[in-house]
Amino acid sequence: MIKTLMGAVAPLSRDRSPGQGTGPVVSMLKRLTTAQMQMLVMVAALLIIAVFFTLATDGSFISSRNVSNLIRQTAIVGILAIGMVFVIISAEIDLSVGSMMGLLGGIAAIMDVWYGVPLPLTILITLASGLLLGLFNGWWVAYQKVPSFIVTLAGMLAFRGALVGLTDGSTVAPTSGALSSIGQSYLPGGWGWSFGILVGAGLLLSVMKKRGSQRLHDLKPAPVAFDYGKAGVTVLALLGLLWVLEEYRGLPTPVLIMAALILVMTLVSRRTAFGRRIYAIGGNLEAARMSGVNVEMNKMLVFGLNGLIVAIAALILTSRLGAGSPSAGNMAELDAIAACVIGGTSLAGGIGSVFGAIMGALIMASLDNGMSMLDVPTFWQMIVKGGILLLAVWMDAKTRK
Amino acid sequence: MSEFLLELRNIVKEFSGVKALNGVTLTVKPGEVVSLCGENGSGKSTLMKVVSGVWPHGSYSGEIIFDGRHLEAKGIRDSEAVGIAIIHQELALVKEMTVLENIFLGNEITHWGRLNTEAMFKRTQELLKRVQLDINPDTPLKELGVGQQQLVEIAKALNKNARLLILDEPTSSLTEREIELLLEIVRQLRREGISCVYISHKLNEVLALSDRVTVIRDGELIGTCDADSLTQNDIIQMMVGRELDQLFPREAHPIGDVILEVNRAYACKPGASRPQVDDISFNLRKGEILGIAGLVGSGRTELMQCLFGCYEGESRVDITLHGRKLNITNSREALGAGIAMVPEDRKRHGIVPIMSVGRNMTLSKLDFYSRWVSGVNEQAEYVDVLDYIRRLTVKTASTELAIKNLSGGNQQKVILAKLLMTEPEVLILDEPTRGIDVGAKYEIYKLMYELVNQGMSIIMVSSELPEVLGISDRVLVMHEGRLKGEFDHRGLTQEMIMDCAIAEEIRSHD
């Protein structure tokens with residue numbers, strides 16, 4: 001899905017016919033940009049991990065039940081990573097994400113449990129609070145020029161403190177059935193399938209539209225097989241995943257929310273002026289400023305957007321736990337940052353993608369899940385995850401040169 | 001044993017096909033001061049980087065012989081080890097550390113890993129005495145003036161037993177008294193047998209100090225003469241004397257009424273003793289190319305930054321475009337008002353290196369392609385990018401290629417395209433052809449005439465006098481933040497500009 005979006009502005013070299021005498025796979029690989037190659041490598045890494053754990057667990061790793069749980073577990077870190085990747089692309093960092101998620105989840109739980117606020121209002125207030133907290137961080141970073149590391153480190157402490165203060169250090173439980181359904185429910189079969197088919201159809205339609213528009217502007221589109229091949233593979237993978245999920249209990253609601261965010265935020269990053277400017281600011285802040293980009297405003301908006309996304313994750317977390325807990329979301333910022341970095345995001349800014357961040361989150365969650373199934377002691381799990389993080393960044397640094 | 005301490009033979013240094021140095025030869029005897037003169041961009045700094053090991057052996061051709069032995073430095077440490085020390089225009093000292101710590105930085109006297117402070121203190125006192133600096137070695141460097149810092153830098157070089165000092169524009173930010181002191185110290189060191197290569201635009205200092213003067217131009221050796229036999233005019237002649245050939249495609253073009261008026265421009269860095277732009281007023285006509293000349297540091301770039309709203313520091317200026325007063329506080333407002341600027345420092349202010357050619361090009365015009373729901377219309381964008389790539393003959397394999405992979409000339413064309421896409425009325429070009437090969441230069445000149453013929457007005461800042469003469473309709477000359485002269489291009493010579501640009505020194509010392 002993402003690959004086709006990325007290729008929307010076709011390189012000039014595509015006007016030339018692919019190398020003669022090579023197979024279709026080779027010529028297809030040649031068409032891919034380095035960023036697309038990186039995605040393929042990540043998909044391959046994930047497949048290798050999956051195959052390894054499948055063999056090691058005699059197949060229970062890819063049982064529909066485990067896959068469903070695995071993806072459900074990925075949802076929260078995955079959603080956090082989607083927000084974080086924008087922050088890191090703009091060459092900033094947000095360390096307050098874990099505490100902010102805890103605080104927002106706590107606010108949602110308090111409204112729900114203590115005051116019996118109706119669910120829509122709870123959601124609205126939580127999202128608005130997330131947006132405000134994010135903008136607050138962003139204002140300090142962009143307009144007051146305090147390094148984001150410090151601003152968000154302060155936030156990490158202060159938000160956690162506010163959470164403990166608000167909840168008086170105790171768990172706020174149990175949440176209402178309505179709130180709990182966000183994180184715990186599954187969509188019945190029909191819904192899942194119609195969502196999948198809708199996305200698939202939308203993707204094919206966008207490819208058609210792109211090719212039509214290219215013809216209209218007298219641009220030579222890439223060969224039919226390439227464009228539709230890419231879209232086809234993506235749609236098949238999507239439907240295959242849906243099929244596995246349906247085998248168990250259906251499409252988990254948090255996964256649906258994550259999928260929708262992936263879709264929307266990929267479009268924001270790739271197809272909007274705002275997204276483009278974030279990459280430019282991270283790539284060279286001074287040049288972006290001299291090109292007339294409102295650097296401060298855009299940076300603040302990135303933090304605001306991140307806050308909004310953290311609020312979504314917070315609602316899912318509280319709902320899944322069925323409670324607001326003073327320690328909720330502890331250290332989650334580090335998981336989100338690790339997911340981004342494993343997914344090819346550069347901490348120097350300017351490089352990264354939503355899809356990569358999600359792949360990073362999936363890789364981390366697969367390792368967690370697989371090692372737990374093999375009864376690997378927790379300390380080993382931490383060591384392996386640390387090692388993978390180091391390895392991923394090292395490989396990235398090596399191949400970039 | 002040869003009579004020379006340092007001998008450079010036939011040095012050739014290329015940057016991606018452009019010869020920055022072409023067969024330069026330079027000799028320095030023991031205890032001799034040789035001045036190196038040349039215009040901005042003539043290759044002086046490149047030559048000194050070759051000598052001091054910044055460009056390692058193998059990245060240039062030719063021989064360096066120091067003290068009778070071939071010097072094949074792999075880095076600065078190697079050349080320092082034999083006794084060559086370079087003191088750059090921008091001092092390489094750590095402001096937060098003390099004088100003592102700076103002098104011994106990377107060279108500390110230790111005993112089993114423990115700093116031997118007493119020995120270093122004693123040595124620092126000796127060194128400071130040699131450079132006539134009466135200060136406590138434990139003084140933090142930031143408490144010293146620029147002139148004193150310069151002397152600390154020299155003391156640091158002496159500590160490494162330097163036998164050859166290279167001073168690159170050492171007096172550009174010094175007061176008269178500090179300059180006198182510096183010259184006196186260099187003379188003293190000469191008596192002690194230490195040689196010196198002195199690089200300066202200030203010809204009075206050059207003549208007062210040096211034994212011999214070597215002039216280079218466009219990376220080629222023009223000549224070496226005894227200082228006694230030279231006048232300042234001789235040196236200027238040697239620095240600029242060149243025929244203007246077919247490099248510049250001057251075309252007649254109509255020049256209309258005044259469209260831009262700039263009044264009382266002022267710019268000053270916080271805490272600086274003198275403003276970088278001091279009360280400058282000028283105007284610009286429709287379809288005119290206005291050249292701005294002056295030495296590096298004369299405030300040309302800062303003046304342009306005032307107009308484009310990107311000066312970092314305190315600035316004031318009244319700008320009137322088409323009779324409408326503009327209040328420009330940032331680049332976005334400048335672009336919106338119809339003023340565009342191609343910045344001097346391409347890497348820092350121009351390109352977003354990892355972004356593609358196409359995306360760099362449309363960065364200033366994204367709103368035009370952008371719709372609230374459907375986002376950026378990438379096809380329309382792509383069509384425009386292809387159009388500009390063709391019009392400016394940008395050589396790139398693909399619009400998707402990261403811009404950092406292009407040559408300097410093609411990067412410059414992409415930045416030009418980016419700004420032309422905003423359809424400005426006034427285009428500011430700050431050093432538009434720096435580090436660009438001759439072919440690309442010619443294409444950029446051609447484009448400039450195409451633009452003025454369409455009614456655009458251009459302000460061009462350039463350090464290359466031939467370019468200023470060959471392209472501009474009118475030339476302003478700046479000196480130390482002030483406007484020193486205004487000339488029509490007809491009958492204007494490089495000597496006249498140079499004379500105006502460095503006039504202050506000549507007048508105040510002759």
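On the basis of being surrounded by fewer than 24 Cβ atoms within 10 Å (Cβ to Cβ), more than 24 Å from the chain's Cα centre (by Cα) and either assigned to a helix (DSSP H, G or I) or not polar (S, T, N, Q) (or both), does B:Glu450 make the cut?
yes
Name the pairs: first residue in the range B:346-360 and facing chain A (nearest Cβ under 7 Å) and among the β-branched types (Val, Ile, Thr), second residue crowded, with 24+ Cβ neighbours inside 10 Å and part of a loop (DSSP other than H, G, I, E, B), Cβ to Cβ under 9 Å, at least 6 apart or on different chains?
Going by the 9 Å Cβ cut-off, the qualifying pairs are B:Ile351/A:Asn284; B:Val352/A:Asn284; B:Val352/A:Ser291; B:Ile354/A:Asn284.
Restricting to the range B:390-422, count the residues that are facing chain A (nearest Cβ under 8 Å) and within 17 Å of B:Met355 (Cα to Cα).
So the answer is 7.
Taking the criterion of being within 14 Å of another protein chain (Cβ to nearest Cβ) and touching a helix residue (DSSP H, G or I) at 6+ places or on another chain (Cβ under 7 Å), would at least one residue in the range A:323-336 satisfy it?
Scanning the range A:323-336, I find no residue that is within 14 Å of another protein chain (Cβ to nearest Cβ) and touching a helix residue (DSSP H, G or I) at 6+ places or on another chain (Cβ under 7 Å), so the answer is no.
Which of the residues spanning the range A:252-302 are among the charged types (D, E, K, R) and either touching a strand residue (DSSP E or B) at 6+ places or on another chain (Cβ under 9 Å) or within 12 Å of chain B (Cβ to nearest Cβ) (or both)?
A:Arg270, A:Arg271, A:Arg276, A:Arg277, A:Glu286, A:Arg289, A:Glu296
If we only count helices (runs of 4 or more DSSP H) wholly inside the range B:339-398, which ones have 3 or more residues that are of a type outside the set (D, E, K, R) and within 21 Å of A:Ile351 (Cα to Cα)?
Once the helices (runs of 4 or more DSSP H) in the range B:339-398 are filtered for at least 3 residues that are of a type outside the set (D, E, K, R) and within 21 Å of A:Ile351 (Cα to Cα), what remains is B:357-361.
Identify all residues within the range B:94-108 that are in contact with an Asp or Glu (Cβ under 8 Å, 6 or more places away or on another chain) and surrounded by fewer than 20 Cβ atoms within 10 Å (Cβ to Cβ); write none if there are none.
Hits for the range B:94-108 are B:Val94, B:Thr98.
Can you give me the number of residues within the range B:321-333 that are in contact with a helix residue (DSSP H, G or I) (Cβ under 6 Å, 6 or more places away or on another chain) and at the interface with chain A (Cβ under 8 Å from one of its Cβ atoms)?
Number satisfying all stated conditions: 1.
How about the range A:311-358: which of its residues are hydrophobic (A, V, I, L, M, F, W, C), at pLDDT 95 or above and more than 16 Å from A:Ile88 (Cα to Cα)?
Once the filter is applied, which keeps residues that are hydrophobic (A, V, I, L, M, F, W, C), at pLDDT 95 or above and more than 16 Å from A:Ile88 (Cα to Cα), the range A:311-358 yields A:Ala311, A:Ile312, A:Ala313, A:Ala314, A:Leu315, A:Ile316, A:Leu317.
Do you know which residues across the range B:292-333 are surrounded by 22 or more Cβ atoms within 10 Å (Cβ to Cβ) and in contact with a Leu (Cβ under 7 Å, 6 or more places away or on another chain)?
B:Ile292, B:Ala293
If you scan the range B:254-268, which residues turn out to be charged (D, E, K, R) and under 28 Å from the mean Cα position of the chain (by Cα)?
B:Glu261, B:Arg264
The conditions are (1) within 19 Å of A:Met300 (Cβ to Cβ); (2) out of contact with any Gly (no Cβ under 6 Å at 6 or more places or on another chain); (3) not in a loop (DSSP other than H, G, I, E, B), and A:Glu92 fails exactly one of them. Which is it?
Unmet condition: (3).
Suppose we filter B:Glu72, B:Glu108 for residues that are touching a strand residue (DSSP E or B) at 6+ places or on another chain (Cβ under 7 Å), without any contact (Cβ under 8 Å) to a residue 60 or more places away in the chain and in a loop (DSSP other than H, G, I, E, B); which single one remains?
It is B:Glu108.
Being farther than 26 Å from A:Leu321 by Cβ, buried (at least 19 other Cβ atoms within 10 Å of the Cβ) and without any contact (Cβ under 8 Å) to a residue 60 or more places away in the chain, is that true of even one residue in the range A:191-198?
Yes, the conditions are met somewhere in the range A:191-198.
Applying the selection to the range B:361-380, what residues are crowded, with 16+ Cβ neighbours inside 10 Å and either in contact with a Leu (Cβ under 7 Å, 6 or more places away or on another chain) or facing chain A (nearest Cβ under 7 Å) (or both)?
B:Leu363, B:Ser364, B:Leu366, B:Ser370, B:Gly375, B:Val376, B:Glu378, B:Gln379
Do we find a residue being within 30 Å of B:Arg346 (Cα to Cα), out of contact with any His (no Cβ under 6 Å at 6 or more places or on another chain), within 14 Å of chain B (Cβ to nearest Cβ) and in a helix (DSSP H, G or I) anywhere in the range A:207-229?
Within the range A:207-229, not a single residue is within 30 Å of B:Arg346 (Cα to Cα), out of contact with any His (no Cβ under 6 Å at 6 or more places or on another chain), within 14 Å of chain B (Cβ to nearest Cβ) and in a helix (DSSP H, G or I).
Give A:Leu347, A:Leu308 a once-over and let me know the one that is hydrophobic (A, V, I, L, M, F, W, C) and in a helix (DSSP H, G or I).
A:Leu308
Counting only residues that are hydroxyl-bearing (Ser, Thr, Tyr) and surrounded by fewer than 20 Cβ atoms within 10 Å (Cβ to Cβ), how many does the range B:61-93 have?
Summing the residues that are hydroxyl-bearing (Ser, Thr, Tyr) and surrounded by fewer than 20 Cβ atoms within 10 Å (Cβ to Cβ) in the range B:61-93 gives 1.
Does B:Leu144 satisfy the condition of being assigned by TED's automatic domain parsing to the domain that holds B:Asn107 and closer than 25 Å to B:Ser45 by Cα?
Taking the combined requirement at face value, the residue does not satisfy it.
Restricting to the range B:1-52, name every residue that is acidic (Asp, Glu) and either within 18 Å of the chain's Cα centre (by Cα) or assigned to a loop (DSSP other than H, G, I, E, B) (or both).
Answer for the range B:1-52, where residues must be acidic (Asp, Glu) and either within 18 Å of the chain's Cα centre (by Cα) or assigned to a loop (DSSP other than H, G, I, E, B) (or both): B:Glu3, B:Glu32, B:Glu39.
Does the range A:219-234 hold any residues that are aliphatic (A, V, I, L, M) and touching a residue at least 60 places away in the same chain (Cβ under 8 Å), and which are they?
A:Leu219, A:Ala222, A:Ala225, A:Ala231
With respect to the numbered conditions (1) aliphatic (A, V, I, L, M); (2) over 15 Å from the mean Cα position of the chain (by Cα); (3) surrounded by 23 or more Cβ atoms within 10 Å (Cβ to Cβ); (4) within 14 Å of another protein chain (Cβ to nearest Cβ), which one is the sole condition not fulfilled by A:Leu315?
(4) is the only condition that A:Leu315 fails.
The values are calculated or read from the model by the stated rules, or taken from the named source; none is laboratory data. All figures in this text were calculated on a predicted structure; none of them were measured in a lab. Cβ: placed from backbone, ideal geometry, glycine included. Neighbour counts: every protein chain shown.
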